[in-house]
1. Rg and Dmax of the chain over Cα atoms: what are they, in angstrom?
2. Please rank 138, 92, 243, fewest neighbouring Cβ atoms within 10 Å first, as an exposure proxy.
3. Quick one: Karplus J couplings for the range 200-213, per residue in order, coefficients 6.51, -1.76, 1.60, θ = phi - 60°, nearest Hz, x for Gly and Pro?
4. What share of the DSSP beta bridges in the chain is antiparallel, in percent to the nearest 5?
5. In straight Cα distance, which aspartates and glutamates are under 18 Å from residue 184, not counting same-chain residues fewer than 8 positions off?
6. Only bridges with both residues in the range 2-111 count here: give the DSSP antiparallel percent, nearest 5.
7. Can you list the residues, at least 5 places off or on another chain, whose amide H is less than 5 Å from the amide H of residue 121, using H built in the peptide plane?
8. Return the whole-Å distance between the Cα centroid of the range 104-141 and the Cα centroid of the range 220-244.
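Every number here is computed from the coordinates shown, using simple stated rules; none is lab data. Please read these numbers as outputs of a predicted model, since none were measured by experiment. Ideal geometry is used to build each Cβ from the backbone, glycine not excepted, and the neighbour counts take in all protein chains shown.
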Amino acid sequence: MTYNGSVAVRLNSESTIQVTCPDAAAEAWVRDHAKSWFSCAPKVTQKVAPSGVDQDEAYTLAAKAPGMIEIGAKTLQGVKYAMHSLRQAAERESRGNKLLGYWMAEFSIEDEPSLGFRGLHLCWFPELSATLIEHQIRLAAYYKFNYVVLESWGVFQSKRHPEVGLKNGPLTIDEAKRLATLAKDLGLTLIPQINVYGHATHARSMGGKHITLDYHPEMQPLFEPGDGWNWCLSNPDATAVIRDLVDELHEAYGRPPFFHVGGDEAFEPTCPTCRAVTPYGKLVAAHFNAVHDLLKARGARMLMWHDMLLLKGDPRWKPLAKGNSRWKPFYANGRKENKGIIDALPKDIIICDWYYEAYEADPSSPNAYPTIRYFREKGFDVVTCPWDKVKGIRSQGRYACATKMFGFLGTVWHHFSGRRFEYMMRNSSDAAWGGESQGGQAVSFHWRQMGWDMGIDSYKETGFYDVTVSRDGR
Ligand SMILES: [Zn+2]
């Protein structure tokens, strides 16, 4: 990027946005979004021709005085990214209390992502509104993530198996379609997720809730006895329900190219039939294979968490970089009955390797992230998944770019409020794109802009908290 802070470029109805892109749909897209984002109608012209930009998601963007904006891209996606950057660069120009339009310093940008898969994993808990989820998806697109994995925590209203979700769950088939269409328009693909192994409660383990069993005792055969945390994988009726849900969700999201099946933190089997299968991992692998084959037939690649595929306590999963003793081992939750699952899985599955520590590794060290290296040596594409530790987010992003990994998947889990959310969004988006946050992104302002796009008029839905303060003073 180069810029000249002493020259102002204006963006208002007198300005021109000139697009060079082979995709003829760009002109209308730019016109529509310029109008709604900047409340003015600049002249938009397009040269339907190559722009000299080679990479699919790359773009060039230049602002020239007095009011010329030039965009170059190979694809409409690149044009969308240029427009997101333009919106981030533009500030309001005003006289007194009158908003005249927007202006910015004269600048020129050439930009391209380092990773092809830049994902953000979001949880739709029953307590969260559709408005909040849409707000998060819009911000993810604004920050140039190209995928959002949207995990249903019991909120999916299945038509085929309504009892496997909350009654009146907000994620209806129509809502999934609406969100997928909206995300697509902004340059982002929604990836559905349901858990096909453990986490079958669709509720957090410490909460004692079970989205299905709390209301349907007759559904007990589908789950392992006890807390029902695992699906009962020796029961063909249970695995058929799971495949139905995968099929239905994938269709509802508009048949995206990926589907996340969870697969983490499963417990030991407890029913006599599952326990009689030795090793139990055979049953698990056969189930994953069946879901994989279903998805493959539907044109989607399967994503899954990594931790049950590694044996807990294996000394190879210890960080070897500086401060070895301080760092938690890389996550591995497999027990002896899980041994061998990894070798029974098709190699086109994408392994989502999560590590949530503030660990910093030198990407050139062969031992930087041993679990990632292990899966890659087995022939799998791997995405690295940090959570909320800024150092870890940056380190994993650097490692993914330096070693040309398949991608990056930031997670948020239940920390979608306050500064933590702000830091995650800022640093994960930068790490996924291949840069380092300079701390200049005004996340709260960008969040507000997304709220304007949605027409939010509820106090609770603004900002990063439901309320500014509670009566307890918290
Ligand atoms: Zn069982």
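1. 23.6, 78
2. Working: 138 21, 92 10, 243 17.
In increasing order of surrounding Cβ atoms, one gets 92, 243, 138.
3. 6, 5, 6, 8, 5, 5, 7, x, x, 8, 9, 4, 9, 5
4. Working: 24 of 66 bridges.
Beta bridges within the chain, antiparallel portion: roughly 35 percent.
5. Partners found: 23, 27, 32, 56, 57, 134, 151, 174, 175, 251, 453.
6. Numbers: 23 of 33 bridges.
The antiparallel proportion sits near 70 percent.
7. 149, 410, 411, 412
8. Each part reduced to its Cα centre gives a spacing of 34 Å.
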